[in-house]
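What follows is a single structure, written as structure tokens, with notes after it.
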Amino acid sequence: MSPTPPRRSAFRDLLAPGLATLVCLAILIGLGVWQLARKGEKEALIARILARSKAVPEAPPPPSAWDPARDEFRHVRVSGRFLNDRETLVHALSPGDAPGRALQGFSVVTPFARDEGGTVLVNRGFVPTELRRPEDRPAAPVQGETTVTGILRASEARTMFVPAPDPARGEWFNRDIAGIAAARNLGEVAPYMIEADASPDARSWPRGGQLRVDLPNNHLQYAFTWFGIAGCLVGVFGFFAWSRLREPPQPGG
């Protein structure tokens, strides 16, 4: 005897689940394709940032023309003098000598009076906790006319996991340019900060060159996740449909 052909009612029973599966499959594949597109965009962004940060240093834009999307991470040069008596310490971590063991300490943010006029905050670099006081550092603060090169950074928004600053105690946890300027009575400052380049003397403190262009780019992993879920969905529906079509007809069916 030939196998019993699938019942017509079984095909009808698969219509609604099949349509729902197709809709979900289209969404999952769309999410995977979108993640691949985002991967390309992120790689292009990282390439642009690296190109800006490694370019020959130039003058920063006027404060009124500052555009973070266009200007952040540019390599700049400014001349003037540090206002060392108004430095601010911002809690920070720095890679240690042993892999996976970061040093706890502070970023030394110092106002810089430019020769052209105006003030800009300069993150001179990292100091470990034991060197938080200027008098404990091996070298005296830079005095008089000097030139600084570094990377432009925008003010850093405080997230829900970052403690609130305590200006009265000098406790800062993020690059809050406007907040630091107000706490130090600096008046109007540039809306950006300069992350200073590393000093030729590797033993000097603060230690510049701390900026790491390390934007997360996990979009390929996310794409594989969505495509994998889509594949599982096809497998589950295929097994369900095969089982449904193989069921013997019920009495009276």
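The table below lists the values:
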quantity	calculated
Conditions (1) in a loop (DSSP other than H, G, I, E, B); (2) in contact with a strand residue (DSSP E or B) (Cβ under 9 Å, 6 or more places away or on another chain); (3) of a type in the set (D, E, K, R): number failed by R124	(1)
Single residue of segment 67-85 satisfying the filter (part of a loop (DSSP other than H, G, I, E, B) and at pLDDT 85 or above) that is nearest to T149 (Cα to Cα)	R74
Residue within segment 127-145 that is among the small types (G, A, S) and under 21 Å from the mean Cα position of the chain (by Cα) present	no
Candidates A202, A198 - the one that is part of a loop (DSSP other than H, G, I, E, B), out of contact with any Leu (no Cβ under 8 Å at 6 or more places or on another chain) and modelled with pLDDT of 70 or more	A198
Test: residue in segment 53-60 that is at pLDDT 85 or above, surrounded by 16 or more Cβ atoms within 10 Å (Cβ to Cβ) and either among the aromatic types (F, W, Y) or in contact with a helix residue (DSSP H, G or I) (Cβ under 6 Å, 6 or more places away or on another chain) (or both)	no
Total residues in segment 122-155, condition modelled with pLDDT of 80 or more and surrounded by 12 or more Cβ atoms within 10 Å (Cβ to Cβ)	17
Segment 86-121, residues that are assigned to a strand (DSSP E or B), small (G, A, S) and modelled with pLDDT under 85	A92, S94, A102, G105, S107
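The values are calculated or read from the model by the stated rules, or taken from the named source; none is laboratory data. Just so it is clear, the model here is predicted, and its values are computed rather than measured. Neighbour counts are summed over all protein chains in view; Cβ atoms, including those assigned to glycine, are modelled from backbone coordinates with ideal geometry.
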